[in-house]
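Values quoted throughout were computed directly from the atomic coordinates according to the rules given, and no laboratory measurement underlies them. Quantities reported herein were computed from a predicted structural model and do not represent experimental measurements. Every residue, glycine among them, receives a Cβ derived from its backbone with ideal geometry; neighbour counts consider all protein chains shown.
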């Protein structure tokens with residue numbers, strides 16, 4: 001399975017991807033299991049999340065992070081501070 005990609009985007013990359021036109025998802029502080037049935041790309045606008053992967057690895061994401069979750073990934077989301085993100089599925 002491919003890995004989760006986390007990176008910062010330049011203003012040009014943000015524009016080129018059309019992120020501002022993507023849907024927005026929000027979630028209050030909570031913990032829940034999640035499985036990606038499709039590849040998801042997202043851009044974090046607000047909030048902080050710790051993500052626990054099936055293999056035990058842990059990732060943290062926050063404002064300004066561009067994240068790509070591979071199809072088939074199973075994880076647990078620990079939303080530390082209410083999150084708001086743009087997202088799109090491929």
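For labels at residue 17 and residue 84 in the simple 7 Å Cα→Cβ model, what's the distance in nm?
It works out to 1.9 nm between the two label points.
If R₀ is 30 angstrom, what is the calculated FRET efficiency for the pair residue 53 and residue 9, using the beta carbon separation as r and rounding to 0.05?
According to the calculation, E is roughly 0.85.
Have a look at 60, 41, 30 and tell me which one the Gaussian network model of the chain (Cα, springs below 10 Å) gives the largest fluctuation.
Between 60, 41, 30, it is 30 that shows the largest mean-square fluctuation.
So what is the relative contact order of the chain, in percent, for Cα pairs below 8 Å that sit 6 or more residues apart?
Relative CO of the chain lands at 44 percent.
Per 10 Å bin from zero, what fraction in whole % of the C-alpha pairs of region 5-89 is there, up to the bin with the longest pair?
18, 55, 25, 2
Given a 10 angstrom Cα cut-off, can you work out which residue in 11, 71, 21 is the most mobile in a GNM of the chain?
11
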